[in-house]
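Worksheet for the structure shown next.
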Amino acid sequence: MPKDKRGLPINAIWLRAKGDMSELGHVHHQCMLAYASDFALLSTTLKPFEMDAPDARYKLGMLVSLDHSVWFHEPFRADEWLLYVMESPRSASGRGLAVGRIYSRDGVLVASTAQEGVARGTDSEPDQKTLEFRNSVAKL
């Protein structure tokens with residue numbers, strides 16, 4: 001990851017179901033997208049803390065989802081490319097909130113997501129401080 005992108009609580013990925021789903025109804029496409037939307041959403045809350053960096057002070061111990069919601073706005077096909085844009089407006093005291101927007105290739109918002117989770121990390125320094133992220137400023 002480029003250094004200028006580290007620490008920003010944003011993420012974007014392209015996704016689609018593998019294989020042809022043309023014989024399946026819209027509920028199957030919604031189920032597939034609901035399943036796939038859980039893949040990277042909560043990890044967006046950890047980006048300000050750079051836990052994946054080799055020299056990171058904090059290493060991830062666990063990450064657990066507390067809730068995950070999906071709202072479907074427009075019809076879509078899960079076997080066609082969809083852009084998943086995720087951001088985390090708040091991450092503090094071991095909890096994080098992430099929200100996402102899923103767009104079709106032609107720019108139509110087809111679904112929105114939200115997820116809250118609990119993160120526990122290990123501190124390589126003995127002085128434990130609360131990890132907190134607010135309004136694009138990480139405080140340690």
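Once you place label points 7 Å from the Cα toward the Cβ at ALA34 and THR122, how far apart are they in nm?
3.7
Can you send over the carbon and sulfur percentage of the accessible area for segment 63-110, probe radius 1.4 Å, protein chains only?
Working: 1400 of 2650 Å².
Summing carbon and sulfur atoms, their accessible area is 53 percent of the total for segment 63-110.
When Lys and Arg each count +1 and Asp and Glu each count -1, what net charge do the other residues less than 9 Å away from GLY96, Cβ to Cβ, add up to? List each step's numbers first, then the result.
Numbers: positive: ARG90, ARG95; negative: GLU116.
It works out to a net charge of +1.
In nm, to one decimal, how far is the modelled label at SER22 from the one at ALA92, with both set 7 Å along Cα→Cβ?
Taking the two extended label points, one gets 5.2 nm.
Suppose R0 equals 25 Å; then what is the FRET efficiency for TRP14 and ALA114 from their Cβ-Cβ distance, rounded to the nearest 0.05? Before the final figure, lay out each step's value.
Values: r = 21 Å, r/R0 = 0.82.
For R0 = 25 Å, the calculated efficiency reads 0.75.
The values are calculated or read from the model by the stated rules, or taken from the named source; none is laboratory data. The shown structure was predicted, so the numbers you read here are calculated from the model rather than taken from an experiment. Cβ atoms come from the backbone with ideal geometry, glycine included; neighbour counts cover every protein chain shown. In case anyone asks, the SASA skips ligands and DNA or RNA and just uses the protein heavy atoms, side chains included. Shrake-Rupley method; radii C 1.70, N 1.55, O 1.52, S 1.80 Å.
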